Structure formats: structure tokens, C-alpha cells
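The values are calculated or read from the model by the stated rules, or taken from the named source; none is laboratory data. None of the values given here were measured: they were computed from a predicted structure. Glycine gets a Cβ as well: all are built from the backbone with ideal geometry, and neighbour counts include every protein chain shown.
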Amino acid sequence: MLDIKATNELERAVPHLTHPCSDLWNDDLAPTTAAQRTWRWYHFAALWVGMVMCIPAYTLSASLVEEGMSGRQAVLTVFVANAIVLLPMLLIGHAGAKYGIPYAVLARTSFGTRGARLPALMRAIVACGWYGIQTWFGGSMIYTLLGVMNGAAIGGAPLAWLGINAAQLACFLAFWAIQLYFVVHGMDAIRKLETWTAPLKIAICFVLLWWVHDKAGGFGPLLDQPSQFAPGGKREGQFWSAFWPSLTAMIGFWATLALNIPDFTRFARSQRDQVLGQAIGLPAPMGLLAALAVIVTSATVVLYGKALWDPVDLASRMTGIAVLVALIVLLVDTVSVNLAANLVGPAYDFSALAPSRISYRSGGYITAGLALVMMPWKILESTQNYIFTWLVGYSALLGPIAGILIVDYYLVRKTVLDVDQLYRHDGAYAFGNGWNMAAIAAFVLGVLPNIPGFLNAAFPSAFPDVGGAFKTIYTYAWFVGVAIAALVYGLLMLGRARR
């Protein structure tokens, strides 16, 4: 199914676009040229190492341990989830490498030239939320650093209308402003940032391991802490009931990138480069980061008398120059992750909504603006909000889109696209007035079963009586959405072909 031996001539073929419609085309959405195909496998590996090594990924293990898993179970769950999500990454990324088109254009083959704006908008809104979350982490680091330099916490009482104090808000806005440099300078600046910072992040991980081992005289008690699901534990025999929603949430962590990975693979020199680079860069580093989080947090029990899962909190407790170095490294890390994972995709997606008026750069400005108004600290208030509402919730929304794209590209199109007609309203992908109702129906039916479970997780007091069956379905939200949407879309398109 996934041919990584395609010739360079095919992969670098740049079709001549004949009279593309102005509301479907601009320079940023056009197929990449041979000169733009500069990404080798190590660029993709560095991209993923750069994105994986981030604070939200570091804290994933914490959420699983808090749910009752042992450290080993948490690490294994994270690794398995990322091995699973790698598959749609490679499958959907194939189209980007072969035809040089971004996700927002690829979606036209299944949703239609106008209908593709729906999945583009869905992906963009989720990315805005993530952009805000990462920006909040970056602002928190600046806030912590200023507090350490001041010798005491800065700021005062929380602002009633926000829930954070004025200093926290100012630091959040300062970090938001720092990232605008890369919005202005585009994809090449982001590629260079990821390539140069990835080795630094790996080195910092080993330095951190050495530091905690030296300070704690070992790696602490958490590594030997038994699972609460083991015999005699508080939740004996309930492991699978916790594992499946946790696995779904961990898959949801990168569900956004599984859709818009063509935004990066369109710059690949070959299929082999994108496949090899992603396979090296995603599952193993993600599992290793989870292991690092468990080990370091285990040592903090010895050092500080309690488990510190927040790396910013840990950095603030260091002494001397180590505090400054640690927080600066975390700042650079957060910038590189946020730009690659949460800016590139929505910038293209917003551009696809109105190409003649919104460029890639303008789309980046829109992303940054929406991230401000989403108040990301509200999402992170509790594990319940973070995992079962945010991560699982948007995986239920994006899973069906992934299922539709994969079935369309591999089973309906047989990986053969007419790129010229992707930019025309009178072409093969216009369907009915630009909308493919088969994709819309499949998307709605893929999302529908998960809505009751989402409402119960997000608003338990308002929807307390959701049936057990819907809660179970929501536990497998991503899997359910992918399967239903893929099946419905395949059947409807097969029926259309027969007619």
C-alpha cells in the first residue's frame, strides 16, 4: 500500500496548473517545486525529536500515573499509542511527498473543492488551542524565571475575569510576541530551528538524568511503585478500563499532525526520506521522553519530598546558574515545538479558506490571535479537562477525517490524483457544487456516537445520565471515529462508482 520506492522524477513532478481558481490557489497552496524539495530523512527525524521533546509530552506520563498506572505501564502506553498514530502519519504523508500539496488541498479529493474547508477549519481550531497551551507553558517559564530572579513570587491576586494574575498574563503575552518572528519568516526558519535544536534537546535529557541521579543518589522510589491495578491495589482488576481511554488520549496528542503531515512531507526529497525520518523520529523518542519523565520525577520524591511532574517547577527549585540555563532551554524547546506542531498546519488551513485574501503568513497571524482568546490555562486546570475533555474530545473530531482521507487516497484514488483539477471548481473534485456529500455524511456519522460521551466528560453536571454504552464508545473515540467514517465513506463511494 505504501510505496516508498517511487522515482524521484514522479515525486518531483510539478504539474502545470491551467487557469486555477483564485479562491482555491495562492503561492503558498500551490504544489512545491523541485527546488523546494530539500527535506531529507534527518530533517524529518529532527522535526519529530524537536516536537516530541516538549512540556506537554513530558507531562503525559504524569497524567497516567495519577490515573493509577505504574511508571512502566505509563511508558508502554505512550509508546504503543505513538506506534499506532505513526501509521496514519505515513499513509497521509505519502500524498504530500508525491504531489507536493498541503493537507488543506489534499482534503479536496474527498470533501470537494469547497467542502474541504470544513476539515481544514476543524484542524485549524484544534491547533489554535494547542498553540495557546504551548504559549501558556512558555509564559509560565518566563514568570517562574522572573520569580527566581526576584527571590519571591511576582504578581498578586488573580484577575477575576481571567483566573490568573496580571504578571502571568504579561508573561503569556510576552512569549506570544516572541514567536511572531517565526510567523513572519516562514517555513525555512522553522526547519532550521528544528534541525539545530533537536541535538541540543537530546543532550539536555541526558544531562538531566545525570543531575537527578547525582543529587538523589539513585532514581528514587517511583520506579518500584506498583500499579494501583495490581492485586491488592486500590483499583485491582480495572487496568483495561483505564488503559483504553488513556491510549485514545495519547493517540489524540498527535492526531492533529496525523492530518496535516502533508504540510511537511510536501518538502521531502523522496518518499523514503519522509517514511524513514518519521519512523525514527516519533515512537521511540516519545517513549524515551515518557521514561525520562518517570525517572526524573521518581528522583524528585527523594530530593523534594514529593513528585514533581512539571519540569518548570523542577527547574525553579534548582540553584545557581542551573536555574537560568534550564529555563532558557525550556523556552527554546517550547518555541520550536509550538511553531512546527501548531502554527504550520493552521496557517495553511486558514489560507485555504480564502486563498486570494489570506496568505500563509496571514494564516499564522490568525492562529496566534485565536490562541489568545481561547484562555489555554482553563484547559489545563485538571487532568479531567486535559485528557478526557481536550485530548479525547478532539481525537473524536479528527479521527473521522483521517479515516476518510486514507480510504479516499488508497482505495478510491489508488494514490493517483489529478493535481491540476484540485485547483478548479469545474474539475473532477467539484462533486456537487464543490461538496462531496459522501464525505460529509461519513464525517457526521463518525463524530455522532462520541457526542454524548464528550458532553458527559465536559459538562458532567449538565449531562449526568449518559448511558454506559455511550461512555464506552467515547473511551475508544479515535478508533470509533476512524472506523465508522472509513466504512461509511468507502461504501458510499463504491456505490457511486457502480452507479
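Quick notes on this one:
- Selection within the stretch 341-376 - within 19 Å of Leu29 (Cβ to Cβ), surrounded by fewer than 23 Cβ atoms within 10 Å (Cβ to Cβ), out of contact with any Lys or Arg (no Cβ under 6 Å at 6 or more places or on another chain) and among the aliphatic types (A, V, I, L, M): Ala354, Ile358, Ile366
- With respect to the conditions (1) more than 30 Å from Pro31 (Cα to Cα); (2) part of a loop (DSSP other than H, G, I, E, B), Ala326 falls short on a single one, namely (2).
- Hey, Leu417 part of a loop (DSSP other than H, G, I, E, B), out of contact with any Gly (no Cβ under 7 Å at 6 or more places or on another chain) and in contact (Cβ under 8 Å) with a residue 12 or more places away in the chain or not: yes
- One residue from Ala249, Ala291 being over 28 Å from Tyr99 (Cβ atoms), hydrophobic (A, V, I, L, M, F, W, C) and over 16 Å from the mean Cα position of the chain (by Cα): Ala291
- Test: Arg317 is basic (Lys, Arg), under 30 Å from Ile101 (Cα atoms) and either touching a residue at least 12 places away in the same chain (Cβ under 8 Å) or out of contact with any Asp or Glu (no Cβ under 6 Å at 6 or more places or on another chain) (or both): no
- Restricted to helices (runs of 4 or more DSSP H) entirely inside the stretch 153-256, those with at least 1 residues that are of a type in the set (Lys, Arg) and in contact (Cβ under 8 Å) with a residue 12 or more places away in the chain are 180-216.
- Some residue of the stretch 135-156 being surrounded by 22 or more Cβ atoms within 10 Å (Cβ to Cβ), within 30 Å of Gly96 (Cα to Cα) and either within 22 Å of the chain's Cα centre (by Cα) or of a type in the set (Lys, Arg) (or both): yes
- Of all residues in the stretch 335-370, those satisfying the criterion of being of a type in the set (A, V, I, L, M) and over 15 Å from the mean Cα position of the chain (by Cα) are Ala352, Leu353, Ala354, Ile358, Ile366, Ala368, Leu370.
- Failed item, numbered, when Val325 is tested on (1) more than 24 Å from the chain's Cα centre (by Cα); (2) touching a residue at least 24 places away in the same chain (Cβ under 8 Å): (2)
- Taking first residues from the stretch 473-499 that are under 11 Å from Phe443 (Cα atoms) and surrounded by 14 or more Cβ atoms within 10 Å (Cβ to Cβ) and partners that are at pLDDT 90 or above and hydroxyl-bearing (Ser, Thr, Tyr), the Cβ contacts under 8 Å between residues at least 6 apart in sequence or on separate chains come to Tyr489/Ser110.
- Some residue of the stretch 132-152 being at negative phi and in a loop (DSSP other than H, G, I, E, B): yes
- Taking the listed residues Ala95, Ala104, Ala81, Ala74, the one that is more than 30 Å from Ala299 (Cα to Cα), modelled with pLDDT under 95, within 21 Å of the chain's Cα centre (by Cα) and crowded, with 21+ Cβ neighbours inside 10 Å is Ala104, with no other qualifying.
- Condition check for Ser336: of a type in the set (Ser, Thr, Tyr) and at pLDDT below 85: yes
- Just one of (1) at pLDDT 85 or above; (2) over 28 Å from Tyr409 (Cα atoms) fails for Asn260. It is (2).
- Scope the stretch 263-290; condition acidic (Asp, Glu) and at pLDDT 95 or above; matching residues: Asp273
- The stretch 268-288: number of residues that are closer than 13 Å to Tyr99 by Cα and surrounded by fewer than 22 Cβ atoms within 10 Å (Cβ to Cβ): 1
- Inter-residue pairs, beta-carbon under 8 Å, first surrounded by fewer than 16 Cβ atoms within 10 Å (Cβ to Cβ) and aliphatic (A, V, I, L, M) and in the stretch 441-461, second outside any helix (DSSP H, G or I) and modelled with pLDDT under 90, 6+ apart: none
- Test for Asp333: is it closer than 28 Å to Ala258 by Cβ and among the acidic types (Asp, Glu): yes
- Looking only at the stretch 5-37, residues that are surrounded by 14 or more Cβ atoms within 10 Å (Cβ to Cβ), at pLDDT 55 or above and not in a helix (DSSP H, G or I) come to 14 in all.
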